[in-house]
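The values are calculated or read from the model by the stated rules, or taken from the named source; none is laboratory data. These figures come from a predicted structure and were not determined experimentally. Because the Cβ atoms are built from the backbone with ideal geometry, glycine has one as well, and the counts that use them run over all protein chains shown. Please note that ligands, DNA and RNA were not included when accessible areas were found on the heavy atoms of the full protein model with its side chains. Shrake-Rupley method; radii C 1.70, N 1.55, O 1.52, S 1.80 Å.
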Amino acid sequence: MTTEPLRAVPVLMPDAGPPLDYYLVLPRPDDHSPDTTVEGIVVEEFTRHHDFATTGLDSAGWTPEAGWWSSAALSRGMRTDPEVLARVLPTSRREAEDVHRALGGGQLPDESLLRTHFLDHQPIATAPPLRLGPAQPPAGFHERRVYRVLFAKDLRAEQVASLRTAWRTPAGGTVASAASGRLDEHGDQFTWDLRRVGHSLAWCLDMTALLRTDATATLGSTLSELTNVLRQHGLIPVTTERFA
């Protein structure tokens with residue numbers, strides 16, 4: 001797995017691009033069949049408010065025996081049930097295509113067709129942005145925004161090290177932050193910190209945007225790319241909240 005720094009976004013995975021998220025579902029631990037390495041595929045897409053905060057989740061699952069089916073319950077379990085978490089791996093569309101073909105499903109439908117299988121939308125409660133940090137932006141900026149992306153699952157030490165390298169985290173860093181990064185784009189400043197939260201397998205990414213320009217597109221792409229990079233490192237996004 002490699003990452004490349006870009007000017008407009010923090011890092012881009014080699015196969016990034018499709019807006020849908022793909023996951024592989026592995027067999028249960030008690031399934032000792034040597035021929036079963038993957039049971040099925042889950043495809044997801046978050047719905048978002050205009051300010052990029054999460055408003056809901058659409059999903060669909062596929063298995064060779066049942067075809068496409070509503071995976072709302074499985075999507076919830078992917079974020080709350082440790083046994084389900086252990087069986088789900090984030091993946092790329094390219095790998096999902098290979099698995100779909102290997103399991104006898106033929107060519108994986110394009111993303112517009114996959115969306116027609118989203119039959120059980122899960123609303124995610126939203127609220128007006130909470131205030132985290134100073135109300136006014138620093139001098140020279142017209143707006144300050146703070147986002148938090150929550151993730152389920154855990155990261156191995158080598159995955160954290162990979163993120164620190166990709167994001168050029170300064171040596172030492174802080175105790176509260178496992179990895180951090182910064183992007184300056186046309187006078188706008190984006191900084192972010194990855195932290196473990198709670199007493200379970202959970203992480204959060206806090207991103208602060210200081211805006212001089214009307215940088216809505218850059219803000220959205222930066223937040224999306226950061227989320228995607230962490231997903232490709234093994235984490236499962238739960239929600240995106242805005243705090244300022």
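Could you give the nm distance between label points at Asp184 and Thr47, where each point is 7 Å from its Cα heading toward the beta carbon?
4.1
Solvent-accessible area of Leu119, probe 1.4 Å, all protein chains present, reported in Å² to the nearest ten, please.
140
His186: accessible area at probe 1.4 Å, nearest 10 Å²?
130
Can you sort Arg79, Arg48, Arg168, Arg182 by solvent-accessible area, 1.4 Å probe, largest first? Working shown, then result.
On the way: Arg79 35, Arg48 105, Arg168 175, Arg182 135 Å².
Ranked list, largest accessible area first: Arg168, Arg182, Arg48, Arg79.
Would you tell me the accessible area of Met207, worked out with a 1.4 angstrom probe on the heavy atoms of the protein chains, in Å² to the nearest 10?
Its accessible surface works out to 0 Å², give or take rounding.
For the full complex of protein chains and a 1.4 angstrom probe, list Arg212, Arg164 by accessible area with the highest value first. Display every interim value, and only then the final one.
Details: Arg212 115, Arg164 60 Å².
Putting Arg212, Arg164 in descending order of accessible area: Arg212, Arg164.
Working with all protein chains in place, sort His233, His142 by solvent-accessible area computed with a 1.4 Å probe, largest first.
Numbers: His233 5, His142 105 Å².
The ordering from most to least exposed comes out as His142, His233.
Starting from the Cα of Trp69, step 7 Å along the direction of its Cβ; do the same at Asp30; then give the gap between the two resulting points in nm.
Computed distance between label sites Trp69 and Asp30 equals 1.8 nm.
Using the Cα centre as the reference, give the magnitude of the dipole from point charges on the C-beta atoms of segment 99-244 (Lys, Arg: +1; Asp, Glu: -1; all else neutral), rounded to the nearest 20 debye.
Numbers: 16 positive and 14 negative charges, 77 e Å.
Taking the Cα centre of segment 99-244 as origin, the dipole is about 380 debye.
Quick check: at a probe of 1.4 Å, how many percent of the accessible area of segment 70-228 sits on carbon and sulfur atoms? Walk me through the numbers on the way to the answer.
Details: 4650 of 8480 Å².
Carbon-and-sulfur percentage of accessible area, whole number: 55.
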